[in-house]
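Input: a single structure, listed below in structure tokens.
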Amino acid sequence: MATIKDVALRAGVSVTTVSHVVNDTRHVSAKGRERVEEAIRELGYVPNAMARSLKSNTTSTLGMLIPNSSNPYFAEIVRIVEDRCFGAGYTLVLCNTDDEPRRQSVYLQVLAERRIDGLIVVSTGAGDDDSLVTQLDGLRIPTVLVDREIADPACDLVETAHMQGGLLAVRHLLSLGHKRIACIGGPVGVMPSEQRIEGWRMALAEAGTAPNADALLWRGGFTSQGGYEAMHAILRTEEAPSAVFVCNDLMAIGALRAAHESGVRVPDELSIVGFDDIELSAYTSPPLTTVAQPKERIGALAVDMLLERVGGKRRDARKVVLQPELRVRASTARHASFREAAAPSSSSTPSRKSRTP
């Protein structure tokens, strides 16, 4: 592998001159620059990024930690973040923590050793907030948290109003005449899930339809398999609900399959609402009604806020909470009692009987 000395020898200039051309740190005559660039091409010389970072105290590299790379929601966020980084002249190093606090800790140290300029973190959310705060404080790297808040006043934050999203979903179901509305939540202790569940509870309390709401709460682990198993459990209950709010789209996709296998028609017999609005949600059968997170704004804001801190344009931490929107598709419909009430009394066609009161 060619070195900077080889380039200097081939170009007939000093090592210092080659360094100034590579790093654009001082004026070099057009003829001298041309000889150096020609030597670099001929020798296939690649500058040492680490050495350059030590001189400039910057690497033009950002790091990002996500808890589950197989979840399309995070994949879509990463795509947006990476595009924004590339446009700003930065490369992105991505680490998947697989929802493991220990792996998260190891990757944070690895990224620090690579001298990244800034960090975007979606925490594992597995009860590790204190240790994560301690580690981030020790690393002293500008950090933006996405989706999941931790008690670190030094970090920026971009997230969706998760509780408001839960309210939107369940109020939509209530407006369709559903009263017995179950919820499939994510793992215990993961704040976005807990906040979405709280929105479900609040909407039911407003309507006075479920005095013992927790009897209608299942957990699904934020995976398709989790949603599939939870929906099968719901459909085995003695008094099945007429609608289900599912706290992410992956679980909702699993829930749709479970309903299909059980012979339950969606939305005629069961309405389902998801959360996230991943691209796949518009292509399920039926297309999934879901609460949309503003992913484009989340990803762009995360990068922009981080580069403000990296560039020294802002020192105080900033918190941005974005509002979700409801995407109504074909997985929700009026409760059977509403359809019967709306049907003409002279109709000779019998109304479909509701599965549940």
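The values are calculated or read from the model by the stated rules, or taken from the named source; none is laboratory data. Keep in mind that what you see is a predicted model, and the values were worked out from it rather than measured. Cβ sites come from the backbone with ideal geometry, for glycine too, and all protein chains shown count toward neighbours.
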Selection count where residues are under 16 Å from the mean Cα position of the chain (by Cα) and either farther than 29 Å from Ile253 by Cα or crowded, with 17+ Cβ neighbours inside 10 Å (or both), scope the range 73-91: 9
Any helices (runs of 4 or more DSSP H) falling wholly within the range 171-270 and containing at least 2 residues that are of a type outside the set (A, V, I, L, M) and under 30 Å from Asp130 (Cβ atoms): 191-207
Residue satisfying all of: in the range 234-281; hydroxyl-bearing (Ser, Thr, Tyr) and surrounded by fewer than 22 Cβ atoms within 10 Å (Cβ to Cβ); farthest from Pro192 (Cα to Cα) among these: Ser262
Near pairs, Cβ below 8 angstrom, 6+ apart or cross-chain, from the range 149-161 (over 28 Å from Trp200 (Cα atoms)) to any residue that is in a loop (DSSP other than H, G, I, E, B) and at pLDDT below 95: Pro153/Ala317; Ala154/Ala317; Cys155/Ala317
Selection within the range 285-322 - touching a helix residue (DSSP H, G or I) at 6+ places or on another chain (Cβ under 7 Å), part of a loop (DSSP other than H, G, I, E, B) and outside the structural domain of Ala258 (by TED's automatic domain parsing): Arg314, Arg318
Ser14, sole failed condition from (1) surrounded by 14 or more Cβ atoms within 10 Å (Cβ to Cβ); (2) at pLDDT 90 or above; (3) polar (S, T, N, Q); (4) out of contact with any strand residue (DSSP E or B) (no Cβ under 6 Å at 6 or more places or on another chain): (1)
Residue within the range 301-317 that is of a type in the set (A, V, I, L, M, F, W, C) and closer than 22 Å to Ile197 by Cβ present: no
Index of the failed condition, Leu92 passing every other in (1) in the same structural domain as Ser242 (by TED's automatic domain parsing); (2) more than 30 Å from Leu288 (Cα to Cα); (3) of a type outside the set (Val, Ile, Thr): (1)
Residue satisfying condition, being more than 29 Å from Asp276 (Cβ to Cβ) and surrounded by 14 or more Cβ atoms within 10 Å (Cβ to Cβ), within set Leu43, Leu108, Leu62: Leu43
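Are any of the residues in the range 252-267 in contact with a Lys or Arg (Cβ under 6 Å, 6 or more places away or on another chain), modelled with pLDDT of 95 or more and assigned by TED's automatic domain parsing to the domain that holds Ala182? Show your work before the answer.
Initial filter on the range 252-267 (in contact with a Lys or Arg (Cβ under 6 Å, 6 or more places away or on another chain)): none.
So far as the range 252-267 goes, no, none of its residues is in contact with a Lys or Arg (Cβ under 6 Å, 6 or more places away or on another chain), modelled with pLDDT of 95 or more and assigned by TED's automatic domain parsing to the domain that holds Ala182.
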Residue satisfying all of: in the range 125-170; within 20 Å of the chain's Cα centre (by Cα) and hydroxyl-bearing (Ser, Thr, Tyr); nearest to Glu198 (Cα to Cα) among these: Thr160
Cβ pairs under 7 Å, 6+ apart, first in the range 169-193 and within 21 Å of Thr237 (Cα to Cα) and among the β-branched types (Val, Ile, Thr), second in a loop (DSSP other than H, G, I, E, B) and modelled with pLDDT of 95 or more: Ile181/Pro241; Ile184/Cys247
Failed item, numbered, when Ser105 is tested on (1) assigned to a helix (DSSP H, G or I); (2) touching a residue at least 40 places away in the same chain (Cβ under 8 Å); (3) of a type in the set (S, T, N, Q): (2)
Where Asp98 falls short, out of the listed (1) surrounded by 15 or more Cβ atoms within 10 Å (Cβ to Cβ); (2) part of a loop (DSSP other than H, G, I, E, B): (1)
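For the range 177-195, name all the residues that are closer than 25 Å to Asp268 by Cα and touching a Gly at 6+ places or on another chain (Cβ under 9 Å).
So the first thing to find is which residues in the range 177-195 are closer than 25 Å to Asp268 by Cα, and the list is 177-185.
Answer for the range 177-195, where residues must be closer than 25 Å to Asp268 by Cα and touching a Gly at 6+ places or on another chain (Cβ under 9 Å): Cys183, Ile184, Gly185.
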Residue among Asp214, Asp249 that is acidic (Asp, Glu) and over 23 Å from Phe74 (Cβ atoms): Asp214
The one condition in (1) farther than 30 Å from Tyr90 by Cα; (2) in a helix (DSSP H, G or I) that Leu280 fails to fulfil: (1)
Selection count, the range 168-204, where residues are out of contact with any strand residue (DSSP E or B) (no Cβ under 6 Å at 6 or more places or on another chain), modelled with pLDDT of 95 or more and of a type in the set (A, V, I, L, M): 5
Single residue of the range 173-196 satisfying the filter (crowded, with 24+ Cβ neighbours inside 10 Å and either under 14 Å from Met163 (Cα atoms) or not aliphatic (A, V, I, L, M) (or both)) that is farthest from the chain's Cα centre (by Cα): His178
